[in-house]
Amino acid sequence: MPETKTDEQRLVDYWTKPVVEKNRFEHMMERPRLTDDDKTVKEMKNGICELIFKGEPLYREEFHVAVAFGFLLTEESYIAFYKKGWHETATHFGYGGMGPRRCDHCKNS
């Protein structure tokens, strides 16, 4: 039977490139989820906002909380959003795709 991968693992595979030794999704998989039961709503919201501000990717559950509270504005699915609305290069990573919605760093490069 083939191995079933989580959406997070699929995004690790998608963003793995020869120029990036360890992508941000691999780093994400090493941190605890902010949606764990021991967090208050305020701690969870603050943590998610801080990750978005830093340009870090979110776990699937955190992504849905971010969309529900209006921290991320999208109608895309989790996988589609992180393939189109987020990017990583050898020098930086962040929200904003590589297309028309480019990040400020990419626009100024």
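A few remarks follow.
Yes/no per residue for (1) in a loop (DSSP other than H, G, I, E, B); (2) among the aliphatic types (A, V, I, L, M):
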position	(1), (2)
22	yes, no
26	no, no
46	no, no
61	no, no
67	no, yes
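- A single member of 76, 8, 3 is within 14 Å of the chain's Cα centre (by Cα), in a loop (DSSP other than H, G, I, E, B) and free of Cβ contacts under 8 Å to residues at least 60 places away in the same chain, and it is 76.
- Residues in the stretch 23-45 that are aliphatic (A, V, I, L, M) and surrounded by fewer than 17 Cβ atoms within 10 Å (Cβ to Cβ) were compared, and the one that is farthest from the chain's Cα centre (by Cα) is 41.
- Where residue 48 falls short, out of the listed (1) surrounded by 15 or more Cβ atoms within 10 Å (Cβ to Cβ); (2) over 12 Å from residue 93 (Cβ atoms); (3) hydrophobic (A, V, I, L, M, F, W, C); (4) modelled with pLDDT under 95: (4)
- Scan of the stretch 74-91 for residues that are surrounded by fewer than 13 Cβ atoms within 10 Å (Cβ to Cβ) and modelled with pLDDT under 85, ordered by number: 90, 91
- On inspection, residue 57 qualifies as surrounded by 15 or more Cβ atoms within 10 Å (Cβ to Cβ) and either outside any helix (DSSP H, G or I) or more than 12 Å from the chain's Cα centre (by Cα) (or both).
The values are calculated or read from the model by the stated rules, or taken from the named source; none is laboratory data. Please read these numbers as outputs of a predicted model, since none were measured by experiment. Positions of Cβ are generated from backbone atoms using ideal geometry, with glycine treated the same way; all protein chains shown enter the neighbour counts.
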